[in-house]
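A.B. asks: My questions will all concern the structure given below.
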Amino acid sequence: MKHLFHSVLIILFSFGLGHAVFAIQHTIIDDVKREVMINIPVKRVVTFNKYNTEFFRAVGGQSILVGMAQDTNKLTNYWPGLGKNVIAGQNQREPNYEKIVALKPDLVVFPRNGAWEKAAEKLKQFGIPVVVITGWDVLKHTNNIDLIGKLTGKSDRASQLNALHKKYTDMIADRLNGVQKRTIYLEKTVNYTTSVPGSGWHDMLVQAGAKNIFDDIDIAKQPKSKGNKHQLSIDPESILRRNPDIIIKQIGSDFVPPSHEKMAKAIQDLKKRPAWSELNAVKQERVYIMSYFIAGGISKLIGKLYIAKWLYPEKFQDVNPDQLAKEWIETFQGVKYPGSHTYSG
């Protein structure tokens, strides 16, 4: 038996398959309840959706990433050493199957709102498994990271990330226990658009102790022409009627943060809108800028911490969200923190 194993090992290495010798076949259940059989640990992964790509790098290390979408790869200075050669499609809905096959991945990962069904069908003939992990879903963070740890054979690293997430999630929940919720208007990068129930951005607000002023909107009853649950067009007059306690505007989606001048101008532009001088948030100087990029960090935990501190500064005087952002970027992403992505004027 010992000699037989040795012979198999030599054969596998001679065909360039040595990385799979010590893999163990497992059946996992993914985010859409599919049972998928995979050789674990995986060594070569193609990921779609920025959050999925970040989490695989955070847990498995950058060397595991052999392919990603162009809309993720384009982030300035965020993927050192990973150039256009790793681009495996435009985005999570437009993968390049020919390129994916050429990259010879052990696994391809899509979020549940990506093209996973078609991908699973097309890649099956090449023996490439497709797993659905929805990294943008803030309610599934712990399960997502646990699964990535299992897939990559880096459960200890996954536990480290989950411990960081739990530390701050528990802190926010404990400090906000019993508080009277303050109201918030979150404006997306497009003017007069916001997030409503069903979106991870809405969940971010709720978990930060906020009451979204548009939490009564049922996306199923909205015309598709107005957008989706993540970015829905709203009537400017309705903001005045609902009169939020604080306002947050998202600008900038790149790893390099917007300049202070650009963020300051964004606040001034908001304050100059018709009748906005009468809003509580404007009168009390509680208008803030947060980049789209940093708000989504660690399943939107970084965004939650900033928002919780802005909403309830008396509860978080000893907390600096910039420190969490820096730890995420430098410890788990392995790149230099570029400076703050927020501005409060």
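No value in this document is a laboratory result; all are computed from the given coordinates. Values in this document were obtained by computation on a predicted structure and should not be read as measured data. Ideal geometry is used to build each Cβ from the backbone, glycine not excepted, and the neighbour counts take in all protein chains shown.
A.B. asks: Order the peptides 219-228, 114-123 from the highest to the lowest mean number of other Cβ atoms within 10 Å of their residues.
C.D. replies: 114-123, 219-228
A.B. asks: Return the inverse of the average 1/r over all pairs of distinct C-alpha atoms in the range 176-343, which is the Kirkwood hydrodynamic radius, in Å to one decimal.
C.D. replies: Across the range 176-343, the inverse of the average 1/r is 16.3 Å.
A.B. asks: Using a cut-off of under 19 Å, list every residue of the range 74-99 whose amide N is near the label point 7 Å from the Cα of Lys262 along the Cα-to-beta-carbon line.
C.D. replies: Label zone hits: 74-79.
A.B. asks: Here is a follow-up. Per DSSP H run of n ≥ 4, the term is -39500 (n - 2.57); total these for the chain, divide by its residue number, and report the mean residue ellipticity at 222 nm rounded to 500 deg cm²/dmol.
C.D. replies: So the helix-based figure for the chain works out to -11000 deg cm²/dmol.
A.B. asks: Show log10 I(q)/I(0) for the range 128-238 at q = 0.15, 0.19, 0.22 Å⁻¹, two decimals, from a solvent-free Debye sum over equal Cα scatterers.
C.D. replies: Computed log10 I(q)/I(0) values: -0.80, -1.02, -1.14.
A.B. asks: Could you check what % of the DSSP bridge pairs in the range 24-153 are antiparallel, to the nearest 5?
C.D. replies: Here the share of antiparallel DSSP bridges comes out near 40 percent.
A.B. asks: Out of all DSSP beta bridges with both ends in the chain, state the antiparallel percent to the nearest 5.
C.D. replies: Approximately 35 percent, going by the DSSP bridge assignments.
A.B. asks: Still on this model: Using only the Cα atoms of the range 254-345, construct the convex hull and provide its projected area averaged over every direction, in square nanometres to one decimal.
C.D. replies: In nm², the orientation-averaged hull projection of the range 254-345 is 6.4.
A.B. asks: Indicate, rounded to the nearest 5 percent, the antiparallel portion of the DSSP beta bridges found entirely in the range 176-343.
C.D. replies: Beta bridges within the range 176-343, antiparallel portion: roughly 30 percent.
A.B. asks: Still on this structure, please answer the following. Taking 8 Å as the Cα distance limit and 6 or more residues as the minimum spacing, I'd like the relative contact order of the chain as a percentage.
C.D. replies: In percent, rounded to a whole number, it is 14.
A.B. asks: Counting pairs of Cα atoms in the range 24-153, how many percent are more than 24 Å apart?
C.D. replies: 17 percent
A.B. asks: What's the long-distance tail for the chain, i.e. % of Cα pairs beyond 24 Å?
C.D. replies: Every Cα pair in the chain considered, those over 24 Å come to 59 percent.
A.B. asks: While we're here: Along the charge dipole of the range 24-153, which of Ile100, Asn113, Asn85 sits closest to the positive end, that is, farthest toward it, with unit charges on the beta carbon of Lys, Arg, Asp and Glu (+1, +1, -1, -1)?
C.D. replies: Asn85
A.B. asks: Whole angstrom only: what separates the Cα centroid of the range 28-87 from the Cα centroid of the range 200-222?
C.D. replies: 29 Å
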